[in-house]
Amino acid sequence: PVLPFFAQFTGVLATNAAPPAAALLLLAALLTLPALAACSKDDGETSVRPDTSGTTSEEALPFEVKNFGGQEIHVIARSNHTYGEMQFVADEELSSNQINDAVATRNNLIEDTYGIKILCTADGSPMATARPLITAGLCEYDIICDSVNNMLPMVSEKCFWSLDDLLNLSESYYDQRANDNLRLGDKTYFVAGDMLITDDDYTYCCLYNKDMYADNTSLAAKYGDIYDIVRNGKWTYDIFYEMCKAVSEPDENGQWETAGGTYGNISEGYVTAIWVNGAGVRTVEKGAEPYSLTLNVKSDRSVAAFNKVFEIMSDKSNTIRVEQLGDSGWSDTAKMFQNGQGLFWGTNVSSITANLLSSTSDEIVSFGVLPVPKLDEEQDTYYNGINAYQSSVIGIPSSNGDNLEATAYLIELLGYYGQGVKDAYYEKTLKLQAVEEDADAEMLDLIFNTRLYDLGAIFNWGGNLIGIYSSVMRSGSNTLISSFEALETAAQTAMDQTIQDYKNSIT
């Protein structure tokens with residue numbers, strides 16, 4: 001792997017993408033760098049990896065054991081995410097928090113065993129802050145962690161190193177769905193997986209009010225256990241909508257679109273796109289050939305899925321959306337679900353910990369977890385879209401020269417030892433504290449195993465692919481085809497340019 005990267009690196013020198021002094025040091029390091037992507041060493045060097053029970057076991061590292069003698073690696077991450085900073089560094093003032101404690105344990109092991117100290121800066125807009133520094137070759141950050149829609153378009157500005165020759169990307173601690181969905185051609189610039197929490201935390205799901213469902217005797221009698229509906233592949237838009245209609249009631253004045261009513265569907269505009277994703281539909285589809293991308297909004301399946309979702313989401317007597325309630329819409333809709341005024345809530349997994357688990361109310365609703373509904377029973381699996389505005393990936397900025405070897409090594413370590421942190425978040429916080437029964441934990445497994453990334457929404461080619469479904473729904477008229485055709489040429493041109501940028505990239 002050193003030789004392909006060396007070829008890339010010499011091209012960078014020619015364009016001054018890295019400071020000359022850092023470049024020379026990096027070149028010297030690369031000439032002696034054993035490949036990080038190599039298999040375990042034959043001499044059986046091992047390290048201690050925590051298992052899910054909190055004990056330890058001896059396992060061979062899938063890369064060479066190294067010690068960097070106290071080298072500092074600096075991360076910049078989102079400050080407005082619950083776990084944005086905590087997933088990298090523990091808060092020393094926070095006690096009795098399983099996730100924070102697991103991060104401290106992992107980081108202490110990494111520093112003591114491998115000589116890498118992790119620093120983290122929390123920032124409201126990490127990529128916006130780092131971008132001018134990276135392009136000037138002056139960025140002090142070694143790793144950038146931000147939402148996919150902020151990160152991926154920056155490849156066209158040569159802001160990131162390709163990771164294919166730096167990381168062991170086939171390892172299980174990398175999210176292979178993210179690898180497959182986010183890779184263009186043979187270039188992988190960003191990863192998600194066990195080194196992150198904010199990738200999973202901003203995956204969409206469908207929460208439901210267990211008591212409201214059980215108390216509606218006709219609904220429960222007709223459909224039975226709602227988890228069995230999911231297991232049997234029958235959890236579809238049509239059943240979802242029928243259930244919404246069975247429970248919706250206006251407020252005391254007979255009015256809809258108020259926080260005083262009861263609704264089958266508590267939602268937000270962007271969930272329109274997520275529900276269309278539930279049909280396995282992306283605004284842009286990848287083909288079998290490298291760099292083969294096709295705009296997909298006008299496809300038969302896209303239109304069929306949107307037509308059904310449009311009907312549900314624009315029905316004011318069954319759906320209440322964040323934007324209908326003005327500036328307080330986000331808090332109002334969360335409170336409505338907590339107070340038992342909604343059967344379903346289309347939201348991020350983060351709402352489970354941020355809104356429901358942390359609630360101080362004694363009368364919080366008894367809730368369950370479901371995947372996003374399917375278009376029809378013939379659909380082979382469920383699909384749960386990520387929040388392109390929030391769900392995170394990490395990348396190594398192209399300005400990272402002197403610390404590149406240690407940075408790549410740290411990412412491998414964060415993945416390899418990340419299981420303890422993931423277990424603290426997923427097994428102990430979500431499954432044991434936040435949800436009520438084994439069936440909900442089963443649904444969480446299903447959701448995380450069927451995550452979907454939409455390249456069209458992430459790159460937002462043409463200026464509105466990320467919002468094409470939601471903006472049409474909000475307009476009140478189903479103008480999907482004409483709305484898409486108005487931006488189709490611009491989207492195709494921008495997508496073609498991105499493909500060329502990827503093909504021509506030297507980072």
So if I take the alpha carbon set of the chain, get Rg, then get Rh from the Kirkwood formula, what is the Rg over Rh ratio? 0.98
Explain nothing, just the number: relative contact order of the chain, from Cα pairs under 8 Å at least 6 residues apart, as a whole percent. 24 percent
Which percent of the accessible area of region 252-352 is formed by carbon and sulfur heavy atoms (probe 1.4 angstrom)? 43 percent
Region 233-373 - charge dipole about Cα centre, Lys and Arg +1 at Cβ, Asp and Glu -1, debye rounded to 20: 580 debye
Roughly what angle does helix 2-15 make with the longest principal axis of the chain, taking Cα atoms, 0 to 90 degrees, to the nearest 10? 90 degrees
Relative to the compact-globule estimate 2.2 N^0.38 Å (N residues), the Cα gyration radius of region 120-200 stands at a ratio of 1.09
Longest principal axis of the chain (C-alpha) makes with the long axis of helix 438-448 (C-alpha) an angle, in degrees to the nearest 10, of 60 degrees
Using a 1.4 angstrom probe on the protein heavy atoms only, line up E157, E378, E252, E268 by accessible area, largest first. E252, E378, E157, E268
So, with points 7 Å from each Cα along the Cβ direction, the E257-S477 label distance in nm works out to 1.7 nm
Based on the mean of other Cβ atoms within 10 Å per residue, sort peptides 95-102, 269-276, 318-325 so the most packed one is first. 269-276, 318-325, 95-102
If each DSSP helix of 4+ residues adds -39,500 (n - 2.57) and the sum is divided by the residues in the chain, what number results at 222 nm, nearest 500 deg cm²/dmol? -11000 deg cm²/dmol
Label-point gap, in nm, between D376 and D211 - each point 7 angstrom along Cα→Cβ: 3.9 nm
Among DSSP beta bridges lying fully in the chain, give the percent that are antiparallel, nearest 5. 60 percent
At each listed q (0.18 Å⁻¹), what is the log10 of I(q)/I(0) that the Debye formula gives for region 370-507 modelled as equal alpha-carbon point scatterers? -1.19
Output the peptides 205-213, 237-245, 480-488 sorted from most to least packed, where packing is the average of other Cβ atoms within 10 Å over each peptide's residues. 205-213, 237-245, 480-488
Farthest positive-ward along the chain dipole, Cα basis, beta-carbon charges - from M212, Y425, T381: T381
Given the Cα-Cα distance of E485 and D225 and 0.36 nm per residue of separation, how much length would full extension add, in nm? 89.3 nm
Based on the Cα atoms of region 411-467, what semi-axes does the equivalent ellipsoid have, where each is the square root of 5 times one gyration tensor eigenvalue, given in whole Å with the largest first? 30, 19, 9
Residue-normalised value, i.e. accessible area per residue, for region 189-238 at 1.4 Å probe, in Å², stands at 31 Å²
Give the Debye-formula value of log10 I(q)/I(0) at each listed q (0.17 Å⁻¹), with one equal scatterer per alpha carbon of region 251-348, two decimals each. -0.75
How large is ³J(HN,Hα) for each residue in region 500-507, as worked out from phi by the Karplus curve 6.51 cos²θ - 1.76 cosθ + 1.60 (θ = phi - 60°), to whole Hz, x for Gly and Pro? 5, 4, 5, 4, 8, 5, 10, 9
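The values are calculated or read from the model by the stated rules, or taken from the named source; none is laboratory data. All values reported here derive from a predicted model rather than from experimental measurement. When we count neighbours, we look across all protein chains shown, and the Cβ atoms used for this are built from the backbone with ideal geometry, even at glycine. Surface areas here come from the heavy atoms of the whole protein model, side chains and all, with no ligands, DNA or RNA. Shrake-Rupley method; radii C 1.70, N 1.55, O 1.52, S 1.80 Å.
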